[in-house]
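Student: I have a structure I would like to understand better, so I am pasting it below and will then ask my questions one at a time.
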Amino acid sequence: FFAAVAVLFYTGALVLPALLVLREVPRPRKRVGWIALAVLAPAVAAHAAFVAPNDRQVVERELDFAAWPREGPRFTLVQISDLQTVGDCERQDEAVRRINALEPDLIAICGDYVAGPFYEFGPFAGPGPAIESARRFLGALRAKHGIVAVKGHSETRALRERVFAGLAVRALDDEEFTLELAPDRRLRVIGLGYDAPRFEPRREAGTLTLVVGHVPDQSRALIGRDEAAKAAS
């Protein structure tokens with residue numbers, strides 16, 4: 001699937017614009033609009049490939065929840081997603097430094113850990129730079145209560161298992177666990193698969209629920225869960 005996406009990307013960014021320019025330039029009455037479009041396409045692709053991935057930003061939100069007393073200690077959650085590693089790079093090292101500087105209590109990673117290349121067969125068979133890079137990234141992260149992760153689309157389950165092997169990463173696939181932070185503070189962590197959320201809504205005193213998933217549309221299925229939990233309680 002991702003190989004097909006790559007072919008379509010480079011075709012739209014380079015091949016089709018080049019063919020369009022070759023067709024229009026020899027014509028006596030050139031269509032300037034098509035030529036401009038042909039020039040714009042590789043420029044947008046270059047921005048997407050080389051500029052946007054290096055635009056590292058930290059977005060902070062401070063929230064209050066009725067389930068936790070306001071006078072309690074601050075809990076810092078860091079959420080990241082779509083590492084899509086291809087090999088070691090400076091932006092990855094900088095991301096680790098920024099994340100650890102936040103001194104997170106918990107790190108949640110929402111899928112898509114490696115992009116390739118993978119050396120699975122032939123004389124170069126081995127983990128490949130993408131897997132090793134993802135492992136170094138995850139292994140360098142530090143959080144008081146650890147790292148939780150859910151599956152993404154860019155790698156198979158076998159590849160994820162190779163990435164997580166031996167690391168302090170708790171992979172959740174339609175699973176949950178509870179962090180006992182204090183007698184009156186608990187965090188229920190739920191990791192979703194790809195399907196509609198199947199966990200049972202419930203409301204417990206002092207318990208806050210964190211749902212981690214890769215597919216943004218899953219958030220729509222969470223609407224009304226709080227009301228259901230109120231009714232159940």
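Student: I need the strands (runs of 3 or more DSSP E) fully contained in the range 151-220, keeping only those with at least 3 residues that are out of contact with any Gly (no Cβ under 8 Å at 6 or more places or on another chain).
Tutor: Those strands (runs of 3 or more DSSP E) span 175-182, 185-191, 207-212.
Student: If you go through the range 198-222, how many residues are of a type outside the set (Phe, Trp, Tyr) and in contact with a strand residue (DSSP E or B) (Cβ under 7 Å, 6 or more places away or on another chain)?
Tutor: So the count comes out to 8.
Student: For the subset of the range 38-62 comprising residues that are of a type in the set (D, E, K, R) and surrounded by fewer than 10 Cβ atoms within 10 Å (Cβ to Cβ), which member is nearest to CYS89 (Cα to Cα)?
Tutor: ASP55
Student: Hey, any hits in the range 209-219 for a residue that's under 30 Å from PRO73 (Cα atoms), touching an Asp or Glu at 6+ places or on another chain (Cβ under 8 Å) and either modelled with pLDDT of 80 or more or of a type outside the set (D, E, K, R) (or both)?
Tutor: yes
Student: Name the single residue that is nearest to SER154 (Cα to Cα) among those in the range 68-81 being modelled with pLDDT of 90 or more and open to solvent by less than 70 Å² (accessible area, probe 1.4 Å).
Tutor: So, considering only residues that are modelled with pLDDT of 90 or more and open to solvent by less than 70 Å² (accessible area, probe 1.4 Å), the one nearest to SER154 (Cα to Cα) is SER81.
Student: Here's something else I'd like to know. Does ILE35 satisfy being in contact (Cβ under 8 Å) with a residue 40 or more places away in the chain, part of a helix (DSSP H, G or I) and open to solvent by less than 50 Å² (accessible area, probe 1.4 Å)?
Tutor: no
Student: To continue, here is another question. Scanning the range 143-168 for residues that are closer than 20 Å to TYR194 by Cα and among the small types (Gly, Ala, Ser), which turns out modelled with the lowest pLDDT?
Tutor: SER154
The values are calculated or read from the model by the stated rules, or taken from the named source; none is laboratory data. Not measured: the values here are computed from a predicted model. Neighbour counts are summed over all protein chains in view; Cβ atoms, including those assigned to glycine, are modelled from backbone coordinates with ideal geometry. Heads up: the accessible areas ignore ligands, DNA and RNA and are worked out on the full protein's heavy atoms, side chains in. Shrake-Rupley method; radii C 1.70, N 1.55, O 1.52, S 1.80 Å.
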